[in-house]
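Inspection log for the structure reproduced underneath, given as structure tokens.
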Amino acid sequence: MDYLYDGSFDGLLTCIYHHYYNETAAGIYQQEYYQPTLLLSSVAVCTDPTLAKRVYQAIEDKISANALVKVYHVYLSSSPDKEELILNYLRLGFKLGAKVDLYHSHSAVYPVHKLDRKVTAETHRFLGLLRFRDSGNFLYAALSPDHHILTLLADHFADRLAGERWVIHDQKRNLAIVYDGKGHCRDNSLLQFKWYLTNFSYHMQADLPPEESHWQLLWQHYFQRISIESRCNPRLQSHFVPQRYRRHLLEFQIPPLKQ
């Protein structure tokens, strides 16, 4: 039996619940992209937050909180077979408990660890590479990451830019994190991060307030003047700032300054 879900994390966990308490799953797939076959029947599973919460809690209690984080990171990845990888990892995890993550070379563990590292590394990269611009009413930043990491960036910037209104736009997936600037509290222990994930296909126009254009020009000049020509290392720079990210980075969008 193939289980089909709506693409949400709760939907995926609901399918895993049915795998254990109803009929064993031959596979779990997003309903939108599923290709039916003659050999296997399929059923569309309605997302049930209550059942998802039970699986969520079971992963934490019977395996580990760290395993739950890894599962979530794999779910956010762009891997086409992520549901199968998560299912195989959890099957083994519920048998071995927390020891499952010690089986680094196991076929059900290694790809999960590998994807977890990729998603974590890309998130860490964008904490430093994301560039905001002032539209006049709010701050706006665009990115096109390999993985769906918006929710992993949101809390950091809600804390860092707590008093601002901002939008972080994933142009690759037409999604955005929107923060209204009202979640800031002077008592950090009571800080509530009020951000929202929403569909967002609008592309910001190139027209900017004069003051923002001025600051962008200053940043571009600084970036080009601060470097030491004799120590230029394009290969190392490409390692830290891959070419695929540069179209959203202001400092790479102008030709070199004439000496």
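The values are calculated or read from the model by the stated rules, or taken from the named source; none is laboratory data. Only a predicted model underlies this, so the values are computations on that prediction, with no experimental measurement involved. Please note: Cβ atoms are built from the backbone with ideal geometry, for glycine as well, and neighbour counts cover all protein chains shown.
Just need a number here: residues in the stretch 13-47 that are within 20 Å of Phe94 (Cβ to Cβ) and among the charged types (D, E, K, R).
1
Going through the stretch 216-239 one residue at a time, which ones are of a type in the set (A, V, I, L, M, F, W, C) and touching a residue at least 24 places away in the same chain (Cβ under 8 Å)?
Result: Trp219, Phe223.
Checking the condition out of contact with any helix residue (DSSP H, G or I) (no Cβ under 7 Å at 6 or more places or on another chain), exposed (fewer than 10 other Cβ atoms within 10 Å of the Cβ) and modelled with pLDDT of 80 or more, which residue from Arg231, Arg225, Arg244 passes?
It is Arg231.
Condition (residue is assigned to a strand (DSSP E or B) and modelled with pLDDT of 85 or more) applied to the stretch 180-193: is it met by at least one residue?
So far as the stretch 180-193 goes, no, none of its residues is assigned to a strand (DSSP E or B) and modelled with pLDDT of 85 or more.
Kindly indicate whether any position in the stretch 106-113 is in contact with a strand residue (DSSP E or B) (Cβ under 9 Å, 6 or more places away or on another chain) and in contact (Cβ under 8 Å) with a residue 24 or more places away in the chain.
no
Can you pull out every residue in the stretch 131-144 that is in contact (Cβ under 8 Å) with a residue 60 or more places away in the chain and either in a loop (DSSP other than H, G, I, E, B) or acidic (Asp, Glu) (or both)?
Of everything in the stretch 131-144, those that are in contact (Cβ under 8 Å) with a residue 60 or more places away in the chain and either in a loop (DSSP other than H, G, I, E, B) or acidic (Asp, Glu) (or both) turn out to be Arg131, Asp134, Ser135, Gly136, Ser144.
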